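Trainee: This is the structure I have questions about; it appears just below.
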């Protein structure tokens, strides 16, 4: 089960990154270009929200399938923090990605309440850009390209 979820989580991440980049640049270009908010923009931001939440669920399943909790119990948090690979897998990557998904969720929710195209696009642009920065910062690039 662990290997299957790990493969799903890894490959789904490509889709999340692609859609997040698309949604972010779409919002930035349209916001700075003073373009109108359209149904297409709504669908792109909604799809970004959906695929990122699916990735979150896969990540949570992977976290528990990897049995990191017993590893923390056996080694202790001090030893986990001394090991850069374990620290990244158990602490840094999950927390950063959860924060990124929170930003995506907040941006999507807040943009729906805005009344003008400029405000909607600006809200998506800000929150999705921050989320993209976090995602890019904590993608385990060394395992993606090996």
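None of the figures in this text is laboratory data; all of them are computed from the coordinates on show. Every value quoted in this text rests on a predicted model; they were computed, and no experiment measured them. Counting neighbours? That spans all protein chains shown, and the Cβs are built from the backbone with ideal geometry, glycine included.
Trainee: May I ask you to say which residue of 120, 113 is buried (at least 20 other Cβ atoms within 10 Å of the Cβ) and more than 21 Å from residue 14 (Cα to Cα)?
Mentor: 120
Trainee: A follow-up question, please. Suppose we filter segment 100-110 for residues that are surrounded by fewer than 18 Cβ atoms within 10 Å (Cβ to Cβ) and free of Cβ contacts under 8 Å to residues at least 40 places away in the same chain; how many remain?
Mentor: Residues in segment 100-110 being surrounded by fewer than 18 Cβ atoms within 10 Å (Cβ to Cβ) and free of Cβ contacts under 8 Å to residues at least 40 places away in the same chain: 4 in total.
Trainee: Considering (1) within 19 Å of the chain's Cα centre (by Cα); (2) closer than 25 Å to residue 40 by Cβ, say which one residue 142 fails and leave the rest.
Mentor: (2)
Trainee: Only residues that are assigned to a helix (DSSP H, G or I) and either crowded, with 20+ Cβ neighbours inside 10 Å or touching a residue at least 24 places away in the same chain (Cβ under 8 Å) (or both): list them for segment 33-46, please.
Mentor: Within segment 33-46, 41, 44, 45, 46 qualify.
Trainee: Confirm whether residue 137 is over 30 Å from residue 38 (Cα atoms), surrounded by fewer than 17 Cβ atoms within 10 Å (Cβ to Cβ) and in contact with a helix residue (DSSP H, G or I) (Cβ under 6 Å, 6 or more places away or on another chain).
Mentor: No; evaluated as a whole, the condition is false for this residue.
Trainee: Of the conditions (1) surrounded by fewer than 13 Cβ atoms within 10 Å (Cβ to Cβ); (2) within 19 Å of residue 108 (Cβ to Cβ); (3) touching a residue at least 12 places away in the same chain (Cβ under 8 Å), residue 29 clears all except one; give me its number.
Mentor: Every condition holds for residue 29 apart from (3).
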